1. Among residues other than Ile106 whose Cβ falls under 10 Å from its Cβ, what is the net charge (Lys/Arg +1, Asp/Glu -1)?
2. Beyond a 22 Å Cα-Cα separation, which of these cross-linked pairs lie in this structure: Lys81/Lys190; Lys39/Lys97; Lys40/Lys184?
3. Once the other residues with Cβ under 10 Å from the Cβ of Val175 are scored (Lys, Arg +1; Asp, Glu -1), what is the net sum?
Amino acid sequence: MNLISGRKMGGSGRPINTFFRWVALVGLLAGCASTPADKKSKEEAKDMSVVRLFTEVRDESMPGSKAALPRSNPMEIKIDKEPFADERDVARADVIKSVGGFSIRIELTSHGRMTLEQASVTHAGLRLVAFGQWSINKEESVQRWLAAPVMKSALRTGVVVFTPDLSREEADRFVRGLNNVAIKLENQAKPKKAKEPAPEKKKTEKQKKKEEAKKEKPSAAEETIKEFENRRQ
């Protein structure tokens, strides 16, 4: 199943690789970085990812496609031809700690939450199959079947959690790309930039003399103590 070929997915009329064209556009808009930290941040802002969530199909008479995972010991799973959710339904993605390693948590939009609940109810006991693709640079991207957890009960919270067939570095990049897409689609608020401290204004000679005179002038407490000492004498 070659998803990168430009095949239209999810009835959207949009090829899966559309989002990777953003990489070049973001690169043109990024500008020049002034520090290594700025450069790294701007490079990471170019990362783009897509995700496709499918349901397993066990009825052999039904049309479908094939997914194979994990890579170490692949098993074929028959899935619906069209995903029930994709990156346009992602509100936020995170890499989270889990027993023995890490997992990916994807929070869906209201539309994605609705389609997830419907899919998990009608396909209870079957697998949710996740496919991902993420950019490496302007020219290259990686595509992979990520996970196939069983939907044991109705998923009503709009959140999908799975242990992916990814290294931690790949997971971080994949999740970062999903969040970048969510920001572009306004499913997620753009993070606010930290304000730089205002440059210190240069003081005039008059201000400097005034401050020096203020320092030389004794405080009210000092004057009271001095007066008390004088009276004792």
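1. On the way: positive: Arg92, Arg105; negative: Glu87, Asp89, Asp94, Glu107.
Result for the neighbourhood of Ile106: -2.
2. Numbers: Lys81/Lys190 33 Å; Lys39/Lys97 28 Å; Lys40/Lys184 19 Å.
Result: Lys81/Lys190; Lys39/Lys97 exceed 22 Å.
3. Surrounding charge for Val175 is 0.
Read the figures in this text as sums done on the coordinates, not as results from a lab. The model shown is predicted, which means the values in this text are computed figures rather than measured ones. Don't worry about glycine lacking a Cβ; one is built from the backbone with ideal geometry, like all the others, and counts go over all protein chains shown.
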